[in-house]
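Scroll down for the structure; my scribbles are underneath it.
The values are calculated or read from the model by the stated rules, or taken from the named source; none is laboratory data. Note that the coordinates shown come from a computational prediction; the quantities given were computed from them, not determined experimentally. FYI the Cβ positions are ideal-geometry reconstructions off the backbone, even for glycines, and counts take in every protein chain you see. Ligands, DNA and RNA are stripped out before the accessible areas are found, and what is left, the full protein with its side chains, is counted by its heavy atoms. Shrake-Rupley method; radii C 1.70, N 1.55, O 1.52, S 1.80 Å.
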Amino acid sequence: MLRKGISVIAAATGALLVGQFPEFFQQYLQRLGGSLDELRDRAAEILADAAAKDLSAEAYIASFLDSPAHALEGARMQDSLTRLPQMEEAYRVLSEAAPWERAGLFLTHSDSLVATRTLEAFKPALPVTPEGLGYGLLGAAAGLLLLAGGRHIRRRVRRASQKKRQNA
């Protein structure tokens, strides 16, 4: 009876934890979109400022980088223009992903800063969508597999210990 109860708890815990992924993903994608909008605005400002001075973006940023008093701002501008295509690609890939692809693509295309901020503000939700239920079932299976693996390891250790005692 206790063993069955522990199995139910392991399955429920896995289902509740993994079943939150679709909601986390949705909140992450909203934050990524907002960050992307901000980055596009920043890039547009940099390009407009460069054009107003009749310079390429690279030459405009280099003028900041060459000035000790403005090098930090130049590095920030350079970072913005470098991150923009990466973030646009990540948003495109993640927003077009099928439900079963999202977890794997999230691991390879997520922005760590946006993911951290999403996690800090994350609000769990009841996974009642088909996607949420699917991830919940996957989590339940993972919980049961972890429990079974732990039991298997414990049995092997116990058997090895018993053999040592018998041979001693």
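Brief remarks on what is shown
- Accessible surface of segment 26-85 [probe 1.4 Å, protein heavy atoms]: carbon and sulfur percent: 53
- Residues of segment 23-57 falling in the label zone of His70, defined by backbone nitrogen less than 20 Å from a point 7 Å along Cα to beta-carbon, are 42-57.
- Inter-site label distance for Ile9 and Glu45 at 7 Å from Cα along Cβ, in nm: 5.3
- Highest mean packing comes first when the peptides 84-92, 155-163 are listed by Cβ atoms within 10 Å, giving 84-92, 155-163.
- Local electrostatic count, Val93, Cβ distance below 11 Å [Lys/Arg +1, Asp/Glu -1]: -2
- Label-to-label distance, nm, for residues given as Glu38 and Ala62 (7 Å Cα→Cβ offset): 3.1
- Charge context of Thr108, other residues only, Cβ under 12 angstrom, K/R +1, D/E -1: -2
- A simple spin-label model places the labels of Arg158 and Ser112 4.2 nm from each other, with each point 7 Å out along Cα-to-Cβ.
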